[in-house]
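Asks: Below is the structure I would like to discuss, written out as structure tokens.
The values are calculated or read from the model by the stated rules, or taken from the named source; none is laboratory data. Computed from a prediction, not measured in an experiment: that's the story for all the values here. Positions of Cβ are generated from backbone atoms using ideal geometry, with glycine treated the same way; all protein chains shown enter the neighbour counts.
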Amino acid sequence: MVALTFPDGAQREYPAGTTGLDIAKGISPSLAKRTVAMALNGTVVDLADPIQADAKIEFVNREDPRALELIRHDTAHVLAEAVQALWPGTQVTIGPVIDNGFYYDFARNDPFVPEDLPVIEKKMREIIARDKPFTREEWSREKAKQVFRDKGENFKVELVDAIPEDQTLKIYYQGDWFDLCRGPHMTSTGKIGNAFKLMKVAGAYWRGDSKNPMLTRIYGTAFAKQEELDAYLKQMEEAEKRDHRRLGRELDLFHFQEEGPGVVFWHAKGWTLFQAIIAYMRRRLAGDYDEVNAPQMLDKALWETSGHWQWYREKHVRGAVGRRRSGRQALVRHQADELPRPCADLQARPHQLSRPADPSCRIRRGASLRSFGRHARPVARARLHARRRPCVLHRGTARR
Ligand SMILES: [Zn+2]
């Protein structure tokens, strides 16, 4: 027997191996119907999982904040099924939940275009309406590799190989369609509801490595309720209006171009404004702060220590730079010599490029880098370096 403690503190015993669904049904059919997963000792798991040990149990319904990740995860599976139904032969790779939604990467000769998204959404609604239960099987590595190889899913074969030996290999079915997945999932596709939207398509390298094949990625989002989706889409629309990349161009202040990711190409008006702000900040901070200046490009060892490399690797400007040569010099040279896009304003004034955005930082007096702990120091230093705009480090005691 296992002793289960319910949220109201009540404790009951059940035979070991009883599933969450059995328990919910035993309490009331309506509870079983509205429950999409359960939490055992705080960890969300499949409602169909057999319970083998004493635990605190909670039933999770669609409106529970913990269900949001499940809704999005399930939607990603349905997206993959829809894509394979519409374009047989497309290979599926990975489809994780991310901030504000999910994506799924597909291997296909013709990349998706935005016009495909409404077609895929329609197919997804059909799959959701079928309301097929999510069921789980555990497969051996050999079986999984064989099945995926036979289906022509070579990326999945690679994924199976990457799963550590001590982990169980789980396959989740929704009707006939299945995917390799850690789970958990809700009880059926119908629980997803209709508050989802596919947002955009993008290219992405397999495993984020430019040496690997280019995949085509579809981003989407999903919510428990339509009002939440509407509010999110409205928020995105408003953010788009205020997008600095768009405003920079429209106001003729600055622009970005893909040859220099994250680096600002200032136009005359923008640069004047930027300098005015710097001058203002210098005046305001003059009494309390000492100004320092640090390079923007450094050996990757520093970014590994700071954690930026692991998190933002794809967004870093990378390149082999002689160890003795300043990375920043190399970058400036690249911009000045090879300015590839027509930008009459910048080309007319190449001297502006010899002064990229001011990387100076100000450190409050008395708060030298030494005042950051040994472990925090690389982060603090990296932060100094990472910002192209003046930044103020607040840690440490100010000497007035
Ligand atoms: Zn999954």
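Asks: Name the residue, out of Ala76, Ala144, Ala80, Ala129, that is of a type in the set (Gly, Ala, Ser), surrounded by fewer than 18 Cβ atoms within 10 Å (Cβ to Cβ) and not assigned by TED's automatic domain parsing to the domain that holds Ser30.
Replies: Sole residue among the options that is of a type in the set (Gly, Ala, Ser), surrounded by fewer than 18 Cβ atoms within 10 Å (Cβ to Cβ) and not assigned by TED's automatic domain parsing to the domain that holds Ser30: Ala129.
Asks: Is there a residue being part of a loop (DSSP other than H, G, I, E, B), in contact with an Asp or Glu (Cβ under 6 Å, 6 or more places away or on another chain) and buried (at least 17 other Cβ atoms within 10 Å of the Cβ) anywhere in segment 244-266?
Replies: No, because not a single residue in segment 244-266 is part of a loop (DSSP other than H, G, I, E, B), in contact with an Asp or Glu (Cβ under 6 Å, 6 or more places away or on another chain) and buried (at least 17 other Cβ atoms within 10 Å of the Cβ).
Asks: Further question: When only residues in segment 176-190 that are surrounded by fewer than 22 Cβ atoms within 10 Å (Cβ to Cβ) and closer than 23 Å to Lys25 by Cα count, which is farthest from the ligand (Cβ to nearest atom)?
Replies: Only one residue fits best here, namely Gly190.
Asks: Only one of (1) in a loop (DSSP other than H, G, I, E, B); (2) touching a helix residue (DSSP H, G or I) at 6+ places or on another chain (Cβ under 9 Å); (3) under 23 Å from Pro184 (Cβ atoms) is not met by Leu31, so which one is it?
Replies: (1)
Asks: In segment 67-87, is there at least one residue being at pLDDT below 95, more than 16 Å from the ligand (Cβ to nearest atom) and either on the phi > 0 side of the Ramachandran plot or assigned to a helix (DSSP H, G or I) (or both)?
Replies: Looking for residues that are at pLDDT below 95, more than 16 Å from the ligand (Cβ to nearest atom) and either on the phi > 0 side of the Ramachandran plot or assigned to a helix (DSSP H, G or I) (or both), one finds none in segment 67-87, hence no.
Asks: Could you check segment 138-152 and list, in sequence order, the residues that are in contact with a Leu (Cβ under 9 Å, 6 or more places away or on another chain), among the charged types (D, E, K, R) and outside any helix (DSSP H, G or I)?
Replies: If the condition is that a residue be in contact with a Leu (Cβ under 9 Å, 6 or more places away or on another chain), among the charged types (D, E, K, R) and outside any helix (DSSP H, G or I), then Glu138 is the only one that fits.
Asks: Sticking with this one: Say whether the condition of being within 16 Å of the ligand (Cβ to nearest atom), in the same structural domain as Ile98 (by TED's automatic domain parsing), at pLDDT below 95 and assigned to a loop (DSSP other than H, G, I, E, B) is met by at least one residue in segment 206-216.
Replies: no
Asks: Could I ask something else about it? Filter segment 147-161 for residues that are within 16 Å of the ligand (Cβ to nearest atom) and either among the aliphatic types (A, V, I, L, M) or outside the structural domain of Ala231 (by TED's automatic domain parsing) (or both) and give the result.
Replies: Correct list: Leu159, Val160.
Asks: Which of (1) within 16 Å of the ligand (Cβ to nearest atom); (2) surrounded by 18 or more Cβ atoms within 10 Å (Cβ to Cβ); (3) not small (Gly, Ala, Ser) does Thr168 not meet, given it meets every other one?
Replies: In the conditions (1) within 16 Å of the ligand (Cβ to nearest atom); (2) surrounded by 18 or more Cβ atoms within 10 Å (Cβ to Cβ); (3) not small (Gly, Ala, Ser), Thr168 misses (2) alone.
Asks: While we're on this one: Just wondering, is there one or more residues in segment 263-274 that are at pLDDT below 80 and either on the phi < 0 side of the Ramachandran plot or polar (S, T, N, Q) (or both)?
Replies: no
Asks: Taking into account only those residues within segment 34-51 that are among the hydrophobic types (A, V, I, L, M, F, W, C), touching a residue at least 60 places away in the same chain (Cβ under 8 Å) and part of a loop (DSSP other than H, G, I, E, B), which is surrounded by the most Cβ atoms within 10 Å (Cβ to Cβ)?
Replies: Among them, the one singled out is Leu47.
Asks: Can you confirm whether Gly183 is in contact with an Asp or Glu (Cβ under 8 Å, 6 or more places away or on another chain), of a type outside the set (S, T, N, Q) and assigned to a loop (DSSP other than H, G, I, E, B)?
Replies: Yes, satisfied.
Asks: Taking Phe223 as the residue in question, decide whether it is more than 16 Å from the ligand (Cβ to nearest atom), surrounded by 18 or more Cβ atoms within 10 Å (Cβ to Cβ) and modelled with pLDDT of 90 or more.
Replies: Spelling it out, Phe223 is indeed more than 16 Å from the ligand (Cβ to nearest atom), surrounded by 18 or more Cβ atoms within 10 Å (Cβ to Cβ) and modelled with pLDDT of 90 or more.
Asks: Follow-up. Looking at segment 244-273, I want the residues that are polar (S, T, N, Q) and have a partner that is modelled with pLDDT under 90 with Cβ atoms under 7 Å, at least 6 apart or on another chain. Which pairs are those?
Replies: Gln257/Arg341
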